[in-house]
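In what follows, a structure is listed as structure tokens, so that the remarks can point back to it.
Any read-out appearing in this document is the output of simple, stated calculations on the displayed coordinates, not a laboratory observation. Note that the structure is a prediction, hence the values are computed from the model and not measured. Note: ideal-geometry Cβ built from the backbone for every residue, glycine included; neighbour counts use all protein chains shown.
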């Protein structure tokens, strides 16, 4: 009887030490890390979409354009955006950040969904019509399509997960 009391006391002491030191079994720590990675978001908010394409340029072949939308609200109807615009055949590019809202209506379609991008610096807005889940099309300041046959569309970029061994040292 005395032996079993001593074992119980040691077990209780060991459990108390593990809990107070913050040390958990490996499986519990791994589970917490996986959960944190799954729920982690960018400092800009939750990335909800990335679009890419080549927009027209007056004095170069085109502007490679990438737009990333980050949601800061619960309903993905507003947030922050980041654009990257390298000019083709040049060694220059520019980036832009600001806020976006998803609004309804164009002159041709009152129910159309339009992303309205407001830059952090400067004035004016950039409008993109949501053509579908995988495409947006730049509109003019009056939310009308640009005249002519020039392509103003950006296509959604698929989000790819890093390879399973990403971050592990090579053997």
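The residue that is surrounded by the most Cβ atoms within 10 Å (Cβ to Cβ), counting only those in region 135-148 that are over 20 Å from the mean Cα position of the chain (by Cα) and farther than 16 Å from residue 58 by Cβ, is 139.
Mind telling me which of the residues 99, 72, 83 ends up being surrounded by 12 or more Cβ atoms within 10 Å (Cβ to Cβ), in contact with a strand residue (DSSP E or B) (Cβ under 6 Å, 6 or more places away or on another chain) and under 18 Å from residue 143 (Cβ atoms)?
Numbers: 72 fails: under 18 Å from residue 143 (Cβ atoms); 83 fails: under 18 Å from residue 143 (Cβ atoms).
Of 99, 72, 83, the one residue that is surrounded by 12 or more Cβ atoms within 10 Å (Cβ to Cβ), in contact with a strand residue (DSSP E or B) (Cβ under 6 Å, 6 or more places away or on another chain) and under 18 Å from residue 143 (Cβ atoms) is 99.
Residue 94 - would you say it is free of Cβ contacts under 8 Å to residues at least 12 places away in the same chain and in a strand (DSSP E or B)? Considered against the rule, which asks whether it is free of Cβ contacts under 8 Å to residues at least 12 places away in the same chain and in a strand (DSSP E or B), residue 94 comes out as yes. Given the residues 118, 75, which is the only one that is under 22 Å from residue 46 (Cα atoms) and assigned to a strand (DSSP E or B)? The match here is 118.
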